[in-house]
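Undergrad: This is the structure, below, for whatever I ask next.
The values are calculated or read from the model by the stated rules, or taken from the named source; none is laboratory data. Because the structure is predicted, anything quoted here is derived from the model rather than measured. Neighbour counts are summed over all protein chains in view; Cβ atoms, including those assigned to glycine, are modelled from backbone coordinates with ideal geometry. Note: areas computed on protein heavy atoms with side chains; ligands, DNA, RNA excluded. Shrake-Rupley method; radii C 1.70, N 1.55, O 1.52, S 1.80 Å.
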Amino acid sequence: MDATALRRLIRDIPDFPKPGILFRDVTPLLLDPAALRAAVEAVAAPFRDARVDRVLGIESRGFPARPAVALHLGAGFGLVRKGGKLPWNTHRVEYTLEYGSDAVEMHTDAVEPASASSSSTT
């Protein structure tokens, strides 16, 4: 499935969440198994020969497909979420968008190599 076919499965929703913003809705693409596989493979392809330990997924910014990309690359997956949504020690980054500002956080161990974060001290 080529990029044009994948693009046809992404809905454009004007004025969401605010007037003047064009929201790209990927849920139709996620519902189509062949399209989802093609999208995951296309995102993973440039990194196939790299030594990727973690794929990070930013909440609401391509987040649903990132765990699949991590699996495709044999890597772990790290959550990046809106501020205050993660329950452990976090690193915070603030940013500005065309319609305001916000912050994201991730657990401080989300970017350690897989062997370091998978060891348990319980």
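Undergrad: What residue, of VAL40, VAL104, VAL26, is modelled with pLDDT of 95 or more and under 16 Å from the mean Cα position of the chain (by Cα)?
TA: When all the criteria are applied, what remains is VAL40.
Undergrad: I'd like the residue in region 33-57 that is free of Cβ contacts under 8 Å to residues at least 40 places away in the same chain and part of a loop (DSSP other than H, G, I, E, B) and, out of all such residues, is most open to solvent (accessible area, probe 1.4 Å).
TA: ARG51
Undergrad: Can you tell me how many residues within region 58-97 are acidic (Asp, Glu), over 8 Å from the mean Cα position of the chain (by Cα) and open to solvent by less than 70 Å² (accessible area, probe 1.4 Å)?
TA: 0
Undergrad: Applying the selection to region 1-32, what residues are assigned to a loop (DSSP other than H, G, I, E, B), open to solvent by 80 Å² or more (accessible area, probe 1.4 Å) and without any contact (Cβ under 8 Å) to a residue 40 or more places away in the chain?
TA: Of everything in region 1-32, those that are assigned to a loop (DSSP other than H, G, I, E, B), open to solvent by 80 Å² or more (accessible area, probe 1.4 Å) and without any contact (Cβ under 8 Å) to a residue 40 or more places away in the chain turn out to be MET1, ASP2, ASP15, PHE16, PRO19.
Undergrad: Also, I was wondering about something else. Mind checking which residues of region 53-83 are at positive phi and at pLDDT below 90?
TA: SER60, GLY62 - these are the residues of region 53-83 that are at positive phi and at pLDDT below 90.
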